[in-house]
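Chemist: Can you read through this structure? Questions will come right after.
Taken together, the values in this text are just the output of simple stated rules run on the coordinates, not laboratory data. This structure is a prediction, so every number in the text was calculated from the model and none was measured. With ideal geometry, Cβ positions are generated from the backbone for all residues, glycine too; neighbour counts draw on all protein chains shown.
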Amino acid sequence: MNHIAPGARAGIYHYDEIDRQFVAERVEQFRKQVDRRLSGELTEEEFKPIRLMNGLYLQLHAYMLRIAVPYGVMSATQLRKLSAIGRRYDRGYGHFTTRQNLQYNWIKLEDTPAILHELAEVDMHALQTSGNCVRNVTTDPFVGAAKDEVVDGRVYAEILRQWTTMHPEFTYLPRKFKIAISGAESDRAAVRIHDVGLLARRNDKGEPGFSFYVGGGLGRSPFVGKLVREWVAQEDFVAYLEAILRVYNQYGRRDNIYKARIKILVHELGLEKFTQEVEEEFARLRGPKYRLDPEIVEGVRQHFAPPPFEELPDHSEALERAKAADPAFANWLAVNVAEHKAPGYAIATISLKPAGGIPGDATCDQMDLVADLAERYSFGELRVTHVQNLVLAHVKKDDLYDLWKRLDAAELGSANAGLIGDIIACPGLDYCALANARSIPLAQAISARFADPLRQRTIGELGIKISGCINACGHHHVGAIGILGVDKKGTEYYQITVGGDPTLTTAIGDILGPAVTETEAVDAIEAIVDVYLANRSDESERFIDTLKRVGHAPFKERIYAAD
Amino acid sequence: MPLIENGRIGEDAWSFIPDGEPVPNDRPVIISFERWQAERDSFDGRNAKLGVRLKSGTLAGAIAADLDRFALVAVEFAKFRDGRGFSTARELRERYGYTGEIRAVGHVIPDQYLYLVRTGFSSVEAPEGTNPDSWANALTEVTIAFQPSLDDTAPLSLLRRKLKVG
Amino acid sequence: MSAKDRSKEGSMKAITANRLRDGEVVFLGEGGVWVESFAEAALFPRAEADGVLAPAKEKAEREQFAVDIYAFEVVEQDGVPVPATMRERIRTAGPTVRLDLGKQAA
Ligand code: HEM
Ligand code: SF4
């Protein structure tokens with residue numbers, strides 16, 4: 001295989017020969033499986049779980065291929081390969097998802113082995129991005145850079161990535177299994193809406209350990225993850241997860257796919273009984289075979305050594321000058337740039353949400369540009385966030401203005417991270433075989449309505465999240481404003497919820513009233529915003545805080561008064 | 001039905017006796033777990049080998065106390081997608097120390113064979129007309145594993161080792 | 001869909017699938033041949049569609065030609081047959097948010 005080395009300084013796990021051999025073998029295995037399907041040896045029923053385990057879905061127009069971006073971090077070299085594949089085998093673009101992965105929408109089954117082969121050249125694959133297995137483990141997109149970080153989530157996400165890869169026991173689970181890890185004070189990984197959510201922290205001796213939240217998830221029956229164990233020591237990290245997975249594999253429901261997620265098992269057994277089963281299983285798994293040795297952790301940690309930061313003063317003259325001279329840049333700086341732990345550096349969010357655009361889509365030209373910028377400004381590394389944006393995590397403050405100008409010229413400079421224009425939308429009926437309604441056009445209409453960056457900033461933090469059906473891929477349940485597409489006798493309608501929260505104070509939004517049409521939905525969002533602005537105590541009171549204080553009544557009244 | 005063992009089609013010394021039919025005393029037979037529960041006393045003093053077949057919803061714990069009576073446990077897969085059997089085998093081996101034969105029966109596909117071996121299965125009852133090459137390939141096409149399991153090479157670490165064929 | 005359209009709903013059906021090797025949306029055309037364009041799809045009176053679907057599905061599956069084979073409703077709008085649901089309209093044309101892609105772009 002024609003291997004292309006990823007940038008040595010990128011904060012990714014760097015493959016060795018064994019990792020490469022594994023991925024190469026899996027590509028060959030899938031090539032044979034595709035042949036066996038095309039020859040009829042495998043039925044569609046038998047092939048489907050196999051193709052899903054290789055990230056391949058059948059969608060409305062073609063196959064869709066979902067590429068794994070482990071914990072959302074990749075190198076510039078890898079992004080360039082994604083762009084090349086998008087040009088050669090797809091239609092010149094890709095879609096970054098809430099799962100911090102990338103999807104192509106126009107893939108041919110017969111091309112897939114060749115695509116996987118190309119991915120393997122840059123140490124990437126599509127394994128376990130779908131199917132009833134443990135999926136790509138996600139973490140904080142600011143990992144390794146955030147000022148409030150306590151534990152580096154990549155280390156443990158990588159350990160889980162390896163341990164769950166082709167796990168012989170847990171590859172035919174009752175349903176998919178999603179794990180998220182956060183190692184910072186603020187949760188940017190939405191841990192409590194995952195099957196297992198891990199909060200990494202340190203005890204008073206400084207040793208790392210984990211709080212395990214189990215049974216979160218959205219979909220038809222949304223649940224917030226429940227605390228199953230407050231402290232699991234590092235050495236028991238894998239064993240405890242194994243215990244959870246074994247209990248789930250044995251007792252999780254298999255009679256009804258809507259009841260098959262672990263959240264339903266936890267709910268039906270009750271937290272106490274579930275915990276007891278897990279603890280019993282765990283007690284037997286504490287032998288040396290399942291202990292996570294500190295040497296293994298250290299070995300993995302070395303892959304994520306901090307890049308060679310320069311010694312810089314925290315204050316940047318160049319930045320201050322640019323800020324004073326260019327108000328549009330000053331706005332982007334205030335909205336899209338976060339504090340870095342190294343002095344003189346900052347974390348920059350690249351918005352994939354231009355006003356009126358398709359959330360999460362990036363053209364291959366844009367991918368190439370971001371790869372160049374990552375190389376020039378951020379040690380050849382970038383991240384994908386679960387709100388469908390990209391992040392350059394280690395940018396010198398001195399370079400921020402140059403970076404922004406280049407981004408802005410490519411329609412990547414929107415100043416809306418966390419604001420009302422930063423909408424999450426699933427593919428919806430434009431692409432998805434399961435959808436009830438389209439999501440993207442509504443996202444486009446809302447972001448166009450609120451295009452003015454200053455108006456967005458006045459409104460402040462307000463996440464809108466849209467799903468095209470109850471599977472909730474767009475996280476609508478945890479949107480401050482959530483929108484769910486429904487089908488009423490062949491017409492697309494949208495149900496609005498308010499008060500959802502994906503952070504540690506996780507909350508599922510409440511339905512505001514009857515579903516409305518697309519046009520009405522855009523007006524309703526604007527009405528909600530107006531009511532909020534009229535009612536907030538001051539500019540620092542966020543939408544969800546005002547909502548908590550004044551309740552739903554004023555919002556309902558305004559939207560449904562005319563009925 | 002063809003029996004797959006060590007990647008090849010093997011001889012099957014066992015036969016399954018459906019509930020209600022007389023159980024021969026002179027050769028190895030497999031009976032259902034339900035029959036075992038109902039008629040266990042009738043097997044006292046039996047010399048020929050006995051095996052038991054567990055439905056996919058019957059977990060290892062149900063048979064744990066009686067394991068010394070069986071030279072074979074057959075674990076049923078109702079559908080190949082129903083992966084409970086992988087945990088059943090693993091529990092039989094690791095939690096209950098079972099050393100007899102564990103056989104996968106029901107709907108399994110060659111693409112699962114490596115997983116079966118690694119969770120402690122010794123043999124697989126494959127459907128009539130199965131392609132033997134697919135079973136043989138399944139054990140050799142991937143030579144890396146990232147976690148300890150029940151096949152017989154010593155783990156390099158919790159995370160990674162080569163399978164013995166590599 | 002307007003009420004006027006709905007009154008005609010269900011008058012006809014077409015049969016569709018995704019081609020196995022590349023996922024392309026295909027329709028059953030005249031003489032049992034699969035075609036890529038909805039304009040060339042055969043239309044069947046509602047009552048007859050299931051009778052056509054079963055053997056076509058069996059054959060396409062046996063030959064590893066297509067997957068997800070089913071019949072969908074077609075209505076007439078301004079004298080032209082169009083799929084009754086938004087879902088099928090999008091499958092026959094392409095994403096509404098990217099008019100440069102899919103069958104509509106050809
Ligand atoms: C386009 C093809 C897709 C299909 C067929 C699909 C299917 C599904 C289904 C069936 C569920 C519900 C699972 C359950 O509750 O058991 C689900 C959940 C989810 N999907 Fe998708 N999805 C697709 C695309 C996406 C995309 C593009 C994203 C990211 C933008 C995504 C992210 C998620 C997330 C985050 C959930 C989590 C909700 C949960 O944990 O229950 N999916 N998906
Ligand atoms: S929420 Fe529904 S419509 Fe949206 S991507 Fe998921 S399955 Fe498709």
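Chemist: Output the relative contact order of region B:3-162, whole-number percent, from Cα pairs under 8 angstrom with separation of 6+ residues.
Modeler: Reported relative contact order: 19 percent.
Chemist: Taking amide H positions as placed in the peptide plane 1.01 Å from N, state which residues far from C:GLY29 in sequence (5 or more) or on other chains have amide H under 5 Å from it.
Modeler: Under 5 Å from the amide H of C:GLY29 lie the amide H atoms of C:TRP34, C:VAL35, C:ALA42, each far enough along the sequence or on another chain.
Chemist: Please state the shape class of region A:183-289: rounded when a/c is under 1.5, otherwise prolate if a/b exceeds b/c and oblate if not, all from the C-alpha gyration tensor.
Modeler: It comes out oblate by the Cα gyration axes.
Chemist: Okay, moving on. How large is ³J(HN,Hα), in whole Hz, for each residue of region A:291-308 in order, when computed from phi with the Karplus curve 6.51 cos²θ - 1.76 cosθ + 1.60 and θ = phi - 60°, using x for Gly and Pro?
Modeler: Per-residue couplings from phi come out as 6, 8, 5, x, 5, 5, 4, 4, x, 6, 4, 4, 5, 10, 4, x, x, x Hz.
Chemist: Within straight cross-link reach of A:LYS147, meaning Cα distance under 12 Å, which aspartates and glutamates are found once same-chain residues fewer than 8 apart are removed?
Modeler: Within reach: A:GLU185, A:GLU339.
Chemist: Binned at 5 Å from 0, what are the whole-percent values of the Cα-Cα distance distribution for region A:114-246, short to long?
Modeler: 2, 10, 19, 23, 20, 14, 8, 4, 1, 0, 0
Chemist: Give the whole-number value, in cubic angstrom per residue, of the convex hull volume spanned by the C-alpha atoms of chain C.
Modeler: Taking only Cα atoms, chain C has a hull volume of 101 Å³ per residue.
Chemist: Highest mean first, how do A:273-286, A:395-408 rank when packing is the count of other Cβ atoms within 10 Å averaged over residues?
Modeler: A:395-408, A:273-286
Chemist: Using a Förster distance of 30 angstrom, determine the FRET efficiency expected from the C-beta separation of B:ARG8 and C:LYS59, and round it to 0.05.
Modeler: With a Förster radius of 30 Å, E is 0.25.
Chemist: From largest to smallest, what semi-axes in whole angstrom does region A:17-121 give when each is the square root of 5 times an eigenvalue of its alpha carbon gyration tensor?
Modeler: In descending order the semi-axes read 22, 17, 12 Å.
Chemist: If you count the DSSP beta bridges with both ends in the protein assembly as shown, what percent of them are antiparallel, to the nearest 5?
Modeler: 70 percent
Chemist: Right, here's the next one. If you put +1 on each Lys and Arg Cβ and -1 on each Asp and Glu Cβ, how big is the dipole of chain B around its Cα centre, in Debye rounded to 20?
Modeler: 680 debye
Chemist: Further question: From the cross-link list A:LYS489/C:LYS13; A:LYS226/B:LYS79; A:LYS48/C:LYS59; A:LYS81/A:LYS176; A:LYS48/A:LYS176; A:LYS341/A:LYS396, which pairs have alpha carbons spaced over 22 Å apart?
Modeler: A:LYS226/B:LYS79; A:LYS81/A:LYS176
Chemist: Whole angstrom only: what separates the Cα centroid of region C:26-89 from the Cα centroid of region A:96-131?
Modeler: Cα centroid to Cα centroid, the span is 31 Å.
Chemist: Need the C-alpha centroid separation for region A:228-256 versus region A:172-197, integer Å.
Modeler: 13 Å
Chemist: Same structure, new question: What are the extents of the Cα atoms of chain A along their three principal axes, in Å, largest first?
Modeler: Per principal axis, max minus min of the Cα coordinates gives 60, 57, 56 Å.
Chemist: Hey, another quick one. Give a residue-ordered list of calculated ³J(HN,Hα) values for region A:186-195 (Karplus: 6.51 cos²θ - 1.76 cosθ + 1.60, θ = phi - 60°; whole Hz; x for Gly, Pro).
Modeler: Once θ is set to phi - 60°, the couplings for region A:186-195 become 9, 8, 9, 10, 6, 4, 7, 10, 10, 4 Hz.
Chemist: Lone cysteines in the protein assembly as shown, going by a 4.7 Å Cβ-Cβ cut-off?
Modeler: A:CYS133, A:CYS364, A:CYS432, A:CYS469
Chemist: Nothing charged except the Cβ atoms of Lys and Arg (+1) and of Asp and Glu (-1): what's the magnitude of the dipole of the protein assembly as shown about its Cα centre? Round to the nearest 20 debye.
Modeler: Here the protein assembly as shown has a charge dipole of around 560 debye.
Chemist: Please name whichever of A:MET367, A:ALA443, A:THR43 sits farthest to the positive end of the charge dipole of chain A, dipole taken about the Cα centre and charges placed at Cβ: Lys and Arg +1, Asp and Glu -1.
Modeler: A:THR43
Chemist: Sticking with this one: How many nm separate the modelled label positions at A:LYS341 and A:ARG376, each set 7 Å beyond the Cα in the direction of the Cβ?
Modeler: 2.9 nm
Chemist: Any idea which of B:THR58, A:GLY216, B:ALA138 is furthest toward the positive side of the dipole for the protein assembly as shown, if Lys and Arg beta-carbons carry +1 and Asp and Glu beta-carbons -1?
Modeler: Of B:THR58, A:GLY216, B:ALA138, it is B:THR58.
Chemist: So, in nm, how far is label A:ALA561 from label A:ASP523 when the simple model puts each one 7 Å beyond its Cα toward the Cβ?
Modeler: 1.3 nm
Chemist: Report the FRET efficiency, 1/(1 + (r/R0)^6), for C:GLU48 and B:ASP19, where r is their Cβ-Cβ distance and R0 is 51 Å, rounded to 0.05.
Modeler: Calculated transfer efficiency: 0.60.
Chemist: For A:HIS14 and A:LEU269, calculate 0.36 nm times their separation in residues minus their Cα-Cα distance, and state this gained length in nm to one decimal.
Modeler: 87.7 nm
Chemist: Estimate the FRET efficiency between C:VAL35 and B:THR143 by the formula 1/(1 + (r/R0)^6), using the beta-carbon distance for r and 45 Å for R0, to the nearest 0.05.
Modeler: 0.50
Chemist: Is any residue of region A:1-40 close enough, with backbone N under 12 Å, to a label point placed 7 angstrom from the Cα of A:ALA84 along the Cα-Cβ axis, and if so, which?
Modeler: A:2-6
Chemist: Could you tell me which of A:GLN250, A:HIS61, A:ALA472 has its Cα farthest along the dipole of chain A towards the positive end, charges placed at Cβ (Lys, Arg +1; Asp, Glu -1), taken about the Cα centre?
Modeler: Result: A:GLN250.
Chemist: Taking the alpha-carbon centroid of each part, what is the distance from region B:90-153 to region A:294-358 in angstrom?
Modeler: Value for the Cα centre distance between the two parts: 49 Å.
Chemist: Here's a follow-up. Using the Cα centre of chain C as the reference point, and only Cβ charges (+1 on K/R, -1 on D/E), how large is the resulting charge dipole? Debye, rounded to the nearest 20.
Modeler: Roughly 240 debye, rounded to the nearest 20.
Chemist: Using the structure shown, select from A:LYS108/C:LYS57; A:LYS465/B:LYS55; A:LYS32/A:LYS259 the pairs with a Cα to Cα distance greater than 32 angstrom.
Modeler: A:LYS465/B:LYS55; A:LYS32/A:LYS259
Chemist: Points 7 angstrom from Cα along the Cβ direction at A:ALA233 and A:GLU44: gap in nanometres?
Modeler: Placing both labels 7 Å along Cα→Cβ, they lie 5.3 nm apart.
Chemist: So what's the back-of-envelope 222 nm ellipticity for the protein assembly as shown, counting only DSSP H runs of four-plus at -39500 (n - 2.57) apiece and dividing by all residues, rounded to 500?
Modeler: The per-residue figure over the protein assembly as shown is -9500 deg cm²/dmol.
Chemist: Per residue of A:41-51, how many C-beta atoms from partner chains lie within 10 Å of its own C-beta, taken as a mean?
Modeler: Neighbouring Cβ atoms belonging to other protein chains average 4 per residue here.
Chemist: Let me check the size of chain B from its C-alpha atoms; what are the radius of gyration and Dmax in Å?
Modeler: Computed over the Cα atoms of chain B, radius of gyration and Dmax are 16.2, 50 Å.
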